[in-house]
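Computed from the coordinates by the stated procedures, all read-outs in this text should not be read as laboratory data. Note that the structure is predicted; figures quoted are calculated from it, not measured. Neighbour counts run over all protein chains shown; Cβ positions are idealised from the backbone, glycine included.
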Amino acid sequence: MALEIKTEIVINATTQKTWNILTEFDQYQNWNPFIKSIKGKIEVGSKITVQIAPPKAKEMIFKPKILTLNKNRELSWLGLLLFPGVFDGHHKFELKDNNNGTTTFIQSEMFTGILVPFFKKQLNKNTKNGFIEMNQKLKELAEK
C-alpha cells in the first residue's frame with residue numbers, strides 16, 4: 001500500500017533565499033509549526049533526528065536517513081518504522097525557480113508499507129495540514 005501527500009506554494013522570493021531559510025534547521029522552532037526541529041549532520045547518507053507536530057495529532061520523533069541534498073533544489077530523507085516495509089516515509093522538499101524572481105516550493109511524502117492503510121485518514125488530514133501550515137509560514141518568512 002502506498003499513499004502520497006503533496007502540497008505546493010508559490011513564494012515571491014528567489015530559490016536561494018527560500019533554500020537558506022529551509023536549511024537553517026536551528027531556526028525551525030522559531031517559525032515552523034510542523035517540523036519543530038531537525039538535528040544532525042546534513043549530508044547524503046547521514047541519519048538525522050526530526051521532530052514533527054502535525055495539527056491535532058501527537059508529536060513524533062524519528063531518525064531518517066538523508067537521500068538527496070541538491071543546494072537550492074532538493075532535500076529528501078527516508079524514515080522507517082521498525083524495519084523496511086512496515087511504515088516508510090520518503091519526505092521531499094523541492095524548490096523550482098520560476099525564472100521571474102519566484103519559487104515554487106513543493107513538499108511531499110510517499111508513505112509505503114503494510115501499516116499505511118491504518119493511518120491513511122490521519123495522514124490525509126493532519127499530516128497534509130501540517131505541510132500546508134509549514135508552506136505558508138515559509139512563504140511569509142521568505143517574502144519579508
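Placing a label point 7 Å from the Cα of Lys41 along the Cα-to-Cβ direction, the residues of segment 6-25 with a backbone N closer than 20 Å are 23-25. Think of it as helices only: each DSSP H run of n ≥ 4 in the chain is worth -39500 (n - 2.57), and spread over all residues that comes to -6500 deg cm²/dmol at 222 nm.
Let's test the formula: R0 of 25 Å, r as the Cβ-Cβ distance of Asn99 and Glu24. What FRET efficiency results, to the nearest 0.05?
Numbers: r = 25 Å, r/R0 = 0.99.
That pair, Asn99 with Glu24, gives E of 0.50.
The HN-Hα couplings worked out from phi for segment 41-55 by the Karplus form 6.51 cos²θ - 1.76 cosθ + 1.60 (θ = phi - 60°) are 7, 8, 7, 4, x, 8, 8, 10, 10, 10, 10, 10, 9, x, x Hz, whole numbers, x standing for Gly and Pro.
Using a simple spin-label model with pseudo-atoms 7 Å out from Cα toward Cβ, Ile9 and Phe83 lie 4.0 nm apart.
Taking Cα pairs under 8 Å and at least six residues apart, what relative contact order does the chain come out at, in percent? Mind showing how you got there, number by number?
On the way: 311 pairs, mean separation 48.2, N = 144.
Taking the mean separation of contacting Cα pairs over the length of the chain, I get 33 percent.
Summing charges over all other residues whose Cβ lies under 13 Å from the Cβ of Pro55, with Lys and Arg as +1 and Asp and Glu as -1, gives +4. Projection of the Cα convex hull of segment 2-142, averaged over all directions and equal to a quarter of that hull's surface, yields 7.7 nm². For Lys125, the lysines whose Cα comes closer than 22 Å to its Cα, not counting residues fewer than 8 places off in the same chain, are Lys6, Lys36, Lys56, Lys58, Lys92, Lys137, Lys139. Distance between the pseudo-spin-label points of Asn124 and Gln16 (7 Å out from Cα toward the beta carbon): 4.2 nm. Annotation: peptides 45-51, 64-70, ranked by per-residue average of other Cβ atoms within 10 Å with the highest first, follow the order 64-70, 45-51. If you take all other residues with their beta carbon under 15 Å from the beta carbon of Leu3, and give Lys and Arg +1 and Asp and Glu -1, the sum is +3. One Cα centroid belongs to segment 1-26, the other to segment 109-125; the line between them spans 21 Å. Rounded to the nearest 10 degrees, the inclination of helix 128-142 to the longest alpha-carbon principal axis of the chain is 20 degrees. The distance separating the Cα centre of segment 33-74 from that of segment 127-141 comes to 15 Å.
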